[in-house]
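Some notes on the structure that comes next.
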Protein chains: 4
Amino acid sequence: MQALILEHAGKLAIRDINIEQTLGRDDVKIAMRNVGVCGSDVHYYKHGAIGPFIVREPMVLGHEASGIVTAVGDNVTHLQPGDRVCMEPGIPDLKSRATLEGKYNLDPAVSFWATPPIHGCLMPEVVHPANFTFKLPDNVSFAEGALIEPLATGMQAADKARIRPGDVAVVIGAGTIGMLTAIAALAGGCSRVIIADLVQEKLDIAARYDAVTAVNIARDNLAESVASLTDGWGAQVVFEASGSPKAYANLFDLACPGGCVVLVGMPPQPVTLDIVAMQAKEIRIESVFRYANQFPRALALLGSGKLDIKPMISGVFPFEQGIEAFERAARAEPSDVKVQISFE
Amino acid sequence: MQALILEHAGKLAIRDINIEQTLGRDDVKIAMRNVGVCGSDVHYYKHGAIGPFIVREPMVLGHEASGIVTAVGDNVTHLQPGDRVCMEPGIPDLKSRATLEGKYNLDPAVSFWATPPIHGCLMPEVVHPANFTFKLPDNVSFAEGALIEPLATGMQAADKARIRPGDVAVVIGAGTIGMLTAIAALAGGCSRVIIADLVQEKLDIAARYDAVTAVNIARDNLAESVASLTDGWGAQVVFEASGSPKAYANLFDLACPGGCVVLVGMPPQPVTLDIVAMQAKEIRIESVFRYANQFPRALALLGSGKLDIKPMISGVFPFEQGIEAFERAARAEPSDVKVQISFE
Amino acid sequence: MQALILEHAGKLAIRDINIEQTLGRDDVKIAMRNVGVCGSDVHYYKHGAIGPFIVREPMVLGHEASGIVTAVGDNVTHLQPGDRVCMEPGIPDLKSRATLEGKYNLDPAVSFWATPPIHGCLMPEVVHPANFTFKLPDNVSFAEGALIEPLATGMQAADKARIRPGDVAVVIGAGTIGMLTAIAALAGGCSRVIIADLVQEKLDIAARYDAVTAVNIARDNLAESVASLTDGWGAQVVFEASGSPKAYANLFDLACPGGCVVLVGMPPQPVTLDIVAMQAKEIRIESVFRYANQFPRALALLGSGKLDIKPMISGVFPFEQGIEAFERAARAEPSDVKVQISFE
Amino acid sequence: MQALILEHAGKLAIRDINIEQTLGRDDVKIAMRNVGVCGSDVHYYKHGAIGPFIVREPMVLGHEASGIVTAVGDNVTHLQPGDRVCMEPGIPDLKSRATLEGKYNLDPAVSFWATPPIHGCLMPEVVHPANFTFKLPDNVSFAEGALIEPLATGMQAADKARIRPGDVAVVIGAGTIGMLTAIAALAGGCSRVIIADLVQEKLDIAARYDAVTAVNIARDNLAESVASLTDGWGAQVVFEASGSPKAYANLFDLACPGGCVVLVGMPPQPVTLDIVAMQAKEIRIESVFRYANQFPRALALLGSGKLDIKPMISGVFPFEQGIEAFERAARAEPSDVKVQISFE
């Protein structure tokens, strides 16, 4: 079976690899269709490691995936061959305390595609647990289906915020996750999202959506924009999705009394926070690690047409040009949100 | 000053009345523009009483209102003459325990327009506390402004439900409140609203909205429709907005495990509930009494264009024809959602 | 292996039965010590069925259990032979949607001891999943360990109430579950629990606890007692633990504005509720079905000495006299809270 | 009227001062009994300012108070002369948005005793709004009554944590607020509180309480103690009550997956936080600014005997020796929790 393989830092290959995959009673077999290139894939490609996760042997990349069911295990009833599906890439230990408490994303024993030493899914066929495989609504394409994984992170952020109907949200950072958080927050109950970035091309894509206000912080003062759009009260929710330590400098100026800050971006080093400023407004901070139980919610919003993620798909490369897809993703072009690879 | 007055049950008049209104330091004076006719206004008109609230003396009707500020008290800074506004009709005792706990709608000492013995606002000019008077966004008309009061009840229902992004909701009853609850729930984060009624004309209005599924329960089985639209899981939220005791018979069949039922409609007599069916799914029931802190949320959603209530305005009568407006509202025509009276 | 078996309605036997139990990799083997007699065990004994669950073949009774680990499967690391433990009797499908959402008690596929056709644990040895087996703190006896299962229902009720520190609670019904709910609510943050029953003997046991006020409703008016103890405001939480439809008549009079009612008792038929009275206070109703993730919480409270359940253990019979234990439990003596059977 | 006055930084006096206090319709007049010396009083004494709040004119100190009602305004019904009471020292603008939303402590217009330019209450008589004056239960002394103000901060922290019954909590810092937070958390539902400090005398006081584990971090590793007491899972709640920036270094190691950190202490400068460590456990951070609606909760817990704050009262000085009281408080003796001044 051909797969897109990270041989070691800096070296990709499309070549044969022998990966044993047995269809268990609770599994499905899936012919792959679209796979998105994630920032983490690119990071492994460039650096060979993310924190404690080090690529020590050749590893198949990819974890944002859609496909078609080709076979189902004996116990599987909700899926059948021919079903168009997307897959949740992290499988927790179902017996763990974290899983039983409904936070399976926090189970340290989770096995996650393309996180060493686990292979990813950039290959023509995978076997996957049926209960982490979800049917796509008819109006959702395979390209959109492969975007649901990063969207699920935005959904987790919107969910953690406990948005109340009509809340105003700020999203700092218009990268892929910031963008998907913004539209999840809008679909999830916000009246308006103010999205901030330094890159005008990204803001232009965000501004295509109704009820989004894009602020270029190279030019405009974000706190003033927020004050002006909220009669000086501040936003009920602030999503930090840039991962930039600078964003933390005046984070609490953006929020209203009793407001919430959700930390989605992962800053490369510890950040400095003004605790007294946080306390003066009794601000709550939530943090996000991937997602739990968000795929069905994302699919419901896509299925009903409330959420449109098509503008997020910037380019789709055939599998044979998968390495070019990685190179384009690695260039991080200002107008790119998501690059994908297709097996069709 | 001319006002629309309920002389006694069954007898309306437009005539002069002398009502003293002094502009206090924290008040504003408002020239009235639109006033909606509420079911409670009609009920007082027909029956002269609602429960313990009995009309014993002539009373001005009306509590759904918009207008223009004409004067402001000395302490008022956020409003000025010329501002287009809507008004929250219930003023609690600000010192009460309920108010300090953020539930001012539950303060028994609340003074509410057109609830005997308090006069309503169907007159050309009112004085009102500035902190219960809200500026209309430029894109919100006076007619829409006068709809915010009933919309606030729908917002309260959506807020109480603690909708999580992508939840599916059922709304039982497509009357004014059911309809406004449905669109509040959609704007407030639901992926889809399934609205049920016996009257096709009302369902046709609801079905104009995206992501609304209208079910005529004269013809179709609601529980089956919900099961089919939720893969058999049930809806995360069920709003009971009909007030019909019959609706309670299989309420819990509609909800998913761990789901929520929000009681908005007011049944005329006690209802029968199957507690064991409720427990088997650990369902939570919330109940709604008017609203607290919902006007700013409703205005934010209208201002950003996420909420469209224009299809709800069925007819606007000039003040001189105010009694005709009441008669039309009293007929409860199947295609009417809201009838208003205008002072322009 | 000898077991206490329900042959059919009305007929118990202690006799040999052949039940195959294989120790899987994630299981433990347990030598049984104490098993409590539950109301449901008695109900099966008397009637042969509970709702749709019908005893069609001889079934071992019992599901409230403690014991000693005698062997562990290969994957088990947190338990070892010799550990004193208690066991959660319901094992859900770990792959189900309800489980992944953290509500495994609502999984319809749960397999629960002594719920036909599943055998219970009134036998000398059982094999059980290790992740539903919990180590007893040193200060917790086997008798107390076998009480944790019903206590977990009280904990679930207290948890659902979302008690805020200092809340006043009312518990209606001083049966086993009412009593355990009362002390769970006290340990769980209430300042005071007002417990109501008709049986003075039960109230006398409850009144042994600090901060419990016992009200005999054969003699005193509960709503007046609550008003007097809460300065007329009402209780923040009302637990209905009697299952008596009569208790529903004035349930909402007991609660404060914005208060919560938790339905723990299971009324034998549908009940009548005054919805408008509920709405006037915007009361929230929660309902309880067994428990999820409560054993560790109950054990933490017992281990630290904050919770004392010893007064709840009314009598312990040796296994050979197990049928006498059932007969005593079936008599429902006023001063009995919990009767147990011991294998020691 | 004699009062304890801060003339300027470093200079206290007990002398006559003329402060006009008119009894309004919603006010009560109170003869002062006990007043606690707060860290903020001492800070003003030593430094003449706290952040933007600068003492520019002589100011009466003190805001932790109990007394006896001597007169009541015309509208006051729940209090009468002779009532033993304690007083909430911060009066918000009741018309503000923060107040209507139930967060009156966050109203920037709050007027707070002994926060310049507002006089405190270290004088024989004060006039105060009746709805911020609370009757003491019979079993609560004046000394305890004057401790309710700082206890209310601990209650606010415990409330914000949303403790679930049986949670384990860590409290970092055994100063007055840390100590009161610890006992509020225990009364509020925790099974155990692990309190950490460098000062053994303070830990000895904390260790008098059941279910408190005191850890001297000069000697022992807190993270290891927490792991050992929680089977390696971590604490559900961590209260930071030291205000020490060092405490932030490994804050997230103490919490369990999905746990909560509550920031009560106010660090003198911004702190450094490891956001990725926070995200890996999806930790939530809450922050506390004084309190809202906590006096009734604190009084309920004291009244029922669930909370014992008597060990916190380290010394009571007669008013004439009030300056000595300040000097002792300023010395911050290791075994002192709270020093008070009495008018009796």
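The values are calculated or read from the model by the stated rules, or taken from the named source; none is laboratory data. All of these numbers come straight from a predicted model, not from anything done at the bench. Reconstructed Cβ throughout: ideal geometry from the backbone, glycine too, with neighbour counts over all protein chains shown. The area values use the complete protein model at the heavy-atom level, side chains included, leaving out ligands, DNA and RNA. Shrake-Rupley method; radii C 1.70, N 1.55, O 1.52, S 1.80 Å.
Computed quantities for the displayed model
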{"item": "Residue that is surrounded by the fewest Cβ atoms within 10 Å (Cβ to Cβ), among those in the stretch D:265-306 that are more than 14 Å from chain C (Cβ to nearest Cβ) and of a type in the set (Lys, Arg)", "result": "D:290"}
{"item": "Test: residue in the stretch A:171-181 that is of a type outside the set (Val, Ile, Thr), on the phi < 0 side of the Ramachandran plot and facing chain B (nearest Cβ under 10 Å)", "result": "no"}
{"item": "Scan of the stretch A:212-238 for residues that are of a type outside the set (S, T, N, Q), crowded, with 16+ Cβ neighbours inside 10 Å and part of a loop (DSSP other than H, G, I, E, B), ordered by number", "result": "A:217, A:233, A:234"}
{"item": "Any hit, the stretch D:307-314, residues being within 10 Å of another protein chain (Cβ to nearest Cβ) and within 27 Å of residue D:339 (Cα to Cα)", "result": "yes"}
{"item": "Hey, residue B:123 assigned to a loop (DSSP other than H, G, I, E, B), modelled with pLDDT of 95 or more and open to solvent by less than 10 Å² (accessible area, probe 1.4 Å) or not", "result": "yes"}
{"item": "Qualifying residue in the stretch B:105-126 (condition: without any contact (Cβ under 8 Å) to a residue 60 or more places away in the chain, acidic (Asp, Glu) and within 22 Å of residue B:50 (Cβ to Cβ))", "result": "yes"}
{"item": "Top-ranked residue in the stretch C:154-170 [being closer than 17 Å to residue C:292 by Cα and in a loop (DSSP other than H, G, I, E, B); ranked as farthest from the other protein chains (Cβ to nearest Cβ)]", "result": "C:161"}
{"item": "Wholly within the stretch C:16-95, strands (runs of 3 or more DSSP E) carrying at least 3 residues that are open to solvent by 10 Å² or more (accessible area, probe 1.4 Å) and out of contact with any Lys or Arg (no Cβ under 7 Å at 6 or more places or on another chain)", "result": "C:27-36"}
{"item": "So residue B:194, is it in contact with a Leu (Cβ under 7 Å, 6 or more places away or on another chain) and modelled with pLDDT of 95 or more", "result": "yes"}
{"item": "Condition check for residue C:109: in contact with a Pro (Cβ under 8 Å, 6 or more places away or on another chain) and more than 14 Å from chain A (Cβ to nearest Cβ)", "result": "no"}
{"item": "Output for the stretch B:252-264, where each listed residue is surrounded by fewer than 24 Cβ atoms within 10 Å (Cβ to Cβ) and under 17 Å from residue C:278 (Cα atoms)", "result": "B:260"}
{"item": "Residue A:220, sole failed condition from (1) away from chain B (no Cβ under 14 Å); (2) free of Cβ contacts under 8 Å to residues at least 40 places away in the same chain; (3) under 29 Å from residue B:183 (Cβ atoms)", "result": "(3)"}
{"item": "Tally of residues being free of Cβ contacts under 8 Å to residues at least 24 places away in the same chain, of a type outside the set (A, V, I, L, M, F, W, C) and closer than 19 Å to residue D:282 by Cα across the stretch A:84-101", "result": "6"}
{"item": "Some residue of the stretch D:184-204 being open to solvent by 10 Å² or more (accessible area, probe 1.4 Å) and closer than 29 Å to residue D:103 by Cβ", "result": "yes"}
{"item": "Of all residues in the stretch B:41-72 being touching a Leu at 6+ places or on another chain (Cβ under 9 Å) and hydroxyl-bearing (Ser, Thr, Tyr), the one that is farthest from residue B:333 (Cα to Cα)", "result": "B:66"}
{"item": "Exclusive hit being without any contact (Cβ under 8 Å) to a residue 24 or more places away in the chain and over 28 Å from residue D:137 (Cβ atoms), set D:58, D:52", "result": "D:52"}
{"item": "Residue match in the stretch D:194-210 (condition: within 18 Å of residue D:158 (Cβ to Cβ), within 14 Å of chain C (Cβ to nearest Cβ), under 24 Å from the mean Cα position of the chain (by Cα) and not in a strand (DSSP E or B))", "result": "yes"}
{"item": "Test set (1) under 22 Å from residue D:185 (Cβ atoms); (2) aliphatic (A, V, I, L, M); (3) modelled with pLDDT under 95 - residue D:332 fails condition number", "result": "(1)"}
{"item": "All positions within the stretch D:161-181 that are among the charged types (D, E, K, R) and buried (at least 24 other Cβ atoms within 10 Å of the Cβ)", "result": "D:167"}
{"item": "Answer from A:189, A:234, A:175 - the residue that is in contact with a Cys (Cβ under 6 Å, 6 or more places away or on another chain) and touching a residue at least 24 places away in the same chain (Cβ under 8 Å)", "result": "A:234"}
{"item": "Selection count, the stretch A:239-251, where residues are crowded, with 16+ Cβ neighbours inside 10 Å and touching a helix residue (DSSP H, G or I) at 6+ places or on another chain (Cβ under 9 Å)", "result": "7"}
{"item": "Residue check, residue B:151 crowded, with 24+ Cβ neighbours inside 10 Å and assigned to a helix (DSSP H, G or I)", "result": "yes"}
{"item": "Any hit, the stretch A:2-9, residues being touching a Gly at 6+ places or on another chain (Cβ under 8 Å) and open to solvent by 20 Å² or more (accessible area, probe 1.4 Å)", "result": "yes"}
{"item": "Long-range neighbours under 6 Å by Cβ, at least six apart or interchain, first residue closer than 14 Å to residue D:175 by Cβ and open to solvent by less than 30 Å² (accessible area, probe 1.4 Å) within the stretch D:308-334, second modelled with pLDDT of 95 or more and part of a strand (DSSP E or B)", "result": "D:312/D:338; D:329/D:339"}
{"item": "Selection status of residue B:115, open to solvent by 10 Å² or more (accessible area, probe 1.4 Å) and under 21 Å from the mean Cα position of the chain (by Cα)", "result": "yes"}
